[in-house]
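Asker: My structure is below; once you've seen it, I'll send some questions.
The values are calculated or read from the model by the stated rules, or taken from the named source; none is laboratory data. Note that the structure is a prediction, hence the values are computed from the model and not measured. Reconstructed Cβ throughout: ideal geometry from the backbone, glycine too, with neighbour counts over all protein chains shown. Surface areas here come from the heavy atoms of the whole protein model, side chains and all, with no ligands, DNA or RNA. Shrake-Rupley method; radii C 1.70, N 1.55, O 1.52, S 1.80 Å.
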Amino acid sequence: MATHNNMNNDDQRSLLGTSNMENEMVINNDDQKKELSPNYLLDDQEHINKTTKVSWILVITTISTSVGCSIPAGYNTGVVNAPAEILKQWCNETIVHRYAVQFSPAQLDVLWSILVSVFLVGGIIGGVAGGKLANVLGRKGTLQLIYLINLVSGILFFSSKSLALVELFFIARLLSGLSAGLTMAMVPMYLLELSPANKSGLFGVMFTVGLNFGVVLSQFLGLGNILGNESSWHYLFSLYGGLVFLALPTLKYIPESPKYLYTVRNEHNKALSELSNLRGMPISDISWELENLLVSPERWTLKKVINESSSRKAIIITCIIMLGQQLSGINAVFYYSTSIFRNAGMSTAGAQYGNLGAGVINFIVTILSTTFIDNFGRKTLLLFSSIICVFMLTALMISMILSSIGTIPGISYLLIVFVIGYVLFYGFGLGPIPFFIGSELSDVGPRPIIMSAMSVANWSGNFMVGLAFPFVNLVLKQYSFLPFIVFTVFLIIFTWKVVPETKQSFDHQSADSE
């Protein structure tokens, strides 16, 4: 925090990029600037206190991107857990029937691991491609591609059972991962570019709301008495395709990003027209939103982002925060939660419902965060959430150690409390903020590349945890949460010392006006 406060104004504006260049009209009292641009102060004073309302087009766009992109991404992330044994059996029977080859249990486990992890590989590929596509196809064009990929993958999932082809299931998992990677790179950035400045936090969180709802929906439908059974699993895996199909008619209403048109495509008139339609206001009343954007004739590349000081800081901060989120232990907690609930005396079915309950809590807290995200600083919420998560993880680890000794009665119930507590406070800041802080740290030009890097960091961290945690759990046993505690403590220190505040203040009273 001290580091941030000691930065001069130019350094802060350079690092915050979008936050200062897009959303805040900075009043400069320098006499030389007055001479160069006599109307500069007058224009900013006229527009500085203006805010724009949320229009019906923005609401439809948010719902459409949630149903067509965010929910499918979360759905495909969580859908493989419940019916895993059923799918293994189907894979075995299909291979025997089609190729007359009998897999051993070990070979079957390897095959299933490949089918699960190829989703993460697709996510990394989508994350890498997201930035390029966002500039080549445009924000709206990339969204349309995501919708198409989701539809195709849903059809392939549904067809894989009737056609008895494990290969189709593999391709569908790869495509759904590709779509999820593109979604993570695109949707938070797109919604932030469309949102009014005073509602940026709200629309930044909306991506995570859709993502978490998708996870909870897949957990619920994956229960054995609903769709997670031998006769219905193909409906379970393809259901999100129906949601995407319902969202298709809304595509004609969603706009291209005016900021993308203005800065990347240099189509100023079209940008103003799109912004006027988005806000439902005349161009003369909203043109100020685009006035302070930086228009660069050069194309942004990863090399240029790294060479440019402000964008290099933004990409480093974004990737470290996202890796910190993935290495904070959220996936391990959900991995452990079912066994924790069973140890507390729940049946296997009850433990599944307990795991579902933890997912529901995470989703509800994310929704609640939309009501206060713009009232508190991003940095403040991230620090608060991370500190409480460290406390909960530490308490959970200690409780697991004591539970293994078996000397304290009722300790298993404390495990449930700490699991729920961790999930609860994770949703306040550590869950949603890493997905959109990169957009707030960067200007429109380098933003797609930075958000692509964020997506790659997310999927890479997810892949590392999935690959390493079973081994860590085997070696460290009751101490298996210790690495996640260490990583989260590092994230707290990094956030405190390096990460700037990106939330905009709309209290523009200056000393000159008092």
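Asker: Which sequence of PHE157, PHE494 reflects their accessible areas, 1.4 Å probe, from the largest down? Show your work: numbers first, answer last.
Answerer: On the way: PHE157 0, PHE494 25 Å².
Listed by decreasing accessible area, they come as PHE494, PHE157.
Asker: Would you mind putting 440-447, 106-113, 120-127 in packing order, based on average other-beta-carbon counts within 10 Å, highest first? Mind dumping the intermediate values first?
Answerer: Numbers: 440-447: 27.5, 106-113: 13.4, 120-127: 23.8.
So the peptides 440-447, 106-113, 120-127, ranked by packing, come out 440-447, 120-127, 106-113.
Asker: Which FRET efficiency value, to the nearest 0.05, do you get for SER104 and ALA349 by plugging their Cβ-Cβ distance into 1/(1 + (r/R0)^6) with R0 = 22 Å?
Answerer: On the way: r = 30 Å, r/R0 = 1.35.
FRET efficiency, SER104 to ALA349: 0.15.
Asker: Measure off 7 Å from each Cα along the Cα-to-Cβ vector at PHE494 and GLN144, then give the distance between these two points in nanometres to one decimal.
Answerer: In this crude label model, PHE494 to GLN144 measures out at 3.8 nm.
Asker: Next up: Under the 0.36 nm per residue contour assumption, what length would be gained going from the current alpha-carbon distance of GLU291 and ILE364 to full extension?
Answerer: Working: separation 73, 0.36 × 73 = 26.28 nm, distance 3.78 nm.
Net length gain for the segment: 22.5 nm.
Asker: Of the heavy-atom accessible surface of region 168-228 (probe 1.4 angstrom), what whole percent is carbon and sulfur? It would help to have the intermediate numbers written out before the result.
Answerer: Working: 1000 of 1300 Å².
Summing carbon and sulfur atoms, their accessible area is 77 percent of the total for region 168-228.
Asker: Let me ask something else about it. Sort PHE103, PHE158 from largest to smallest accessible area, using a 1.4 Å probe on the heavy atoms of the protein chains.
Answerer: Details: PHE103 60, PHE158 85 Å².
Sorted descending by solvent-accessible area, the residues read PHE158, PHE103.
Asker: At a 10 angstrom cut-off on C-beta neighbours, averaged per residue, how do the peptides 352-364, 168-180, 378-390 rank from highest to lowest? Write down the numbers at each step before the final one.
Answerer: Details: 352-364: 19.8, 168-180: 24.5, 378-390: 22.1.
Order by mean packing, descending: 168-180, 378-390, 352-364.
Asker: Report VAL54's accessible area, 1.4 Å probe, all protein chains in place, as a number in Å² to the nearest 10.
Answerer: 60
Asker: On to the next question. At a 10 angstrom cut-off on C-beta neighbours, averaged per residue, how do the peptides 55-67, 86-98 rank from highest to lowest?
Answerer: Working: 55-67: 18.9, 86-98: 16.0.
Ranked from most to least packed, the peptides come out as 55-67, 86-98.
Asker: Only Lys, Arg, Asp and Glu count, each charged at its Cβ (+1, +1, -1, -1), so figure out the dipole size of region 247-390 about its Cα centre, rounded to 20 debye.
Answerer: Numbers: 13 positive and 9 negative charges, 92 e Å.
Its charge dipole is roughly 440 debye.
Asker: Label-point separation (nm) for PHE391 and ARG265, each offset 7 Å from Cα along Cα-to-Cβ?
Answerer: The modelled label-to-label distance comes out at 4.9 nm.
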